[in-house]
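First comes the structure, then the notes that go with it.
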Amino acid sequence: MGKIKRFQIKKSIKTAFACYMLIGILLAIFLSLFFSGVCESVKEQICKKYEYEIQYGNLNIQLEMLPEKLIIGHYAGDITTLFRPNDQRLYDVVSFFSMLVFPVCFIFCIAATSILFYKQQLQKPLSILDYAASKIAKNNLDFKVIYKKEDEMGKLCVSFEKMRQALQENNEEMWRQMEERKRLNVAFSHDLRTPLTVLKGQSELLMQYAPKMSEEKVRRTSEMMHHHIIRLEQYVQVMGEMQRLEDIEVVRQPITLGELYKQLKEIGEVVCSQKSFSFEAAGEPYIILEIDSSMVLRVFENLLANAVRFAKEKIIVSAEVQDGYFYLVVSDDGNGFVEKELENVTKPFYKAVKETDKEHFGMGLNICKILCEKHGGYIHVKNKNGAVVSVTFKQ
């Protein structure tokens with residue numbers, strides 16, 4: 001029973017159609033022979049009725065009791081000429097129907113088989129696909145396309161479900177980017193207020209009191225204004241870089257694990273020249289990765305820059321390949337992140353409350369997050385004897 005059920009699920013539409021047609025043809029042949037036999041039986045009964053009534057002279061003699069030569073000699077005509085009107089009409093109708101029984105049975109069986117085939121094999125998946133198409137047309141992707149059979153329609157439903165998932169993921173990504181852009185604009189506007197307020201105040205001060213101010217006071221005011229103008233320029237550069245990050249495309253190229261490890265180690269030794277740097281690599285060097293190495297190195301540089309700023313003495317980097325992903329972990333022995341702010345550290349313009357570095361915009365981890373997600377990976381931040389930042393890239 002289980003094998004039959006599995007066959008019903010897995011058989012193709014072509015196989016199912018052939019089975020339905022074969023059954024329909026066999027049924028048509030059976031019905032044709034059956035009704036043809038019925039017609040011949042009716043005709044035979046009518047003829048027999050008159051065989052006993054054929055007149056030979058003035059006597060009624062059973063026809064089968066007469067010698068053959070006598071029948072031929074005395075009654076060689078068509079027996080149907082002796083039929084009464086009602087029997088003649090019945091005989092004609094039955095004869096006419098016996099000629100039509102084969103085409104009628106075949107047409108009926110093929111039509112019935114086609115309707116049954118449609119209802120059993122096509123109606124349900126087509127209604128599912130029609131429902132899914134109407135949902136997608138209304139931009140409603142909160143549903144699933146489920147069809148259990150594994151025939152051609154089942155494969156089509158699976159493809160439709162993959163398309164729905166892709167559309168849903170794209171919509172979610174679009175909304176995420178829009179929300180990210182809103183947060184970025186809010187953070188950018190907030191951080192612009194301070195230098196703009198200072199510049200406004202200093203410019204008003206110069207306009208009102210410049211003739212009365214000492215040369216040293218004017219110089220210091222000008223220097224302060226120049227410092228904030230440079231800061232505004234840096235903000236503009238950062239915003240331009242964020243825009244370019246949204247448009248960047250992942251360019252995967254083959255690179256051996258050994259070559260990638262070599263580049264990572266060289267960058268780490270240069271960036272962490274003032275700290276103790278160690279690099280722990282796992283995996284065979286001849287393994288070939290299909291990744292965007294420039295994107296990986298850029299993320300790595302940002303992570304190292306953060307680690308150098310907060311590390312006390314040492315920075316440890318570990319890397320490995322597992323389950324189709326390239327893993328990179330950067331940890332330092334600093335004070336780590338504030339626990340209640342861990343979920344915010346990858347947001348744009350994030351700064352810890354205790355951080356006093358005004359030249360730092362808090363974009364490093366956010367840039368890493370964007371690049372990792374574009375490469376099919378993610379970023380994870382935690383504290384463990386310092387800050388530990390893990391990033392992954394899908395091969």
Using the Cα gyration tensor of the range 123-178, with a ≥ b ≥ c the square roots of its eigenvalues, what is the shape: rounded (a/c below 1.5), prolate (a/b larger than b/c) or oblate (neither)? prolate
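Taking K and R as +1 and D and E as -1, what net charge do the other residues with C-beta under 10 Å from the C-beta of ILE379 add up to?
Charge balance in the 10 Å sphere: 0.
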Chymotrypsin sites (Phe, Trp or Tyr not before Pro) within the range 107-165, DSSP loop, no more than 16 other Cβ atoms inside 10 Å: PHE143
Protein-only accessible surface order, largest first, of ILE267, ILE287 at 1.4 Å: ILE287, ILE267
What FRET efficiency would be calculated for the residue pair GLU172, GLU259, taking the C-beta separation as r and a Förster radius of 41 Å, to the nearest 0.05? 0.70
Too-long pairs where the Cα-Cα distance tops 26 Å, listed order kept, from LYS144/LYS340; LYS275/LYS382; LYS312/LYS374; LYS312/LYS384: LYS144/LYS340; LYS312/LYS374
Extending each Cα 7 Å along its Cβ direction at PHE96 and LYS182, get the distance between those two points in nm, one decimal. 7.9 nm
What order, most packed first, do the peptides 135-141, 199-205 have when packing is the mean number of other Cβ atoms within 10 Å of each residue? 199-205, 135-141
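The values are calculated or read from the model by the stated rules, or taken from the named source; none is laboratory data. Since the structure is predicted, the reported quantities are computational estimates derived from the model, not experimental observations. Here Cβ is always computed from backbone atoms with ideal geometry, including for glycine, and neighbour counts include all displayed protein chains. Side chains are part of the model used for accessible areas, which takes the heavy atoms of the whole protein and leaves out ligands, DNA and RNA. Shrake-Rupley method; radii C 1.70, N 1.55, O 1.52, S 1.80 Å.
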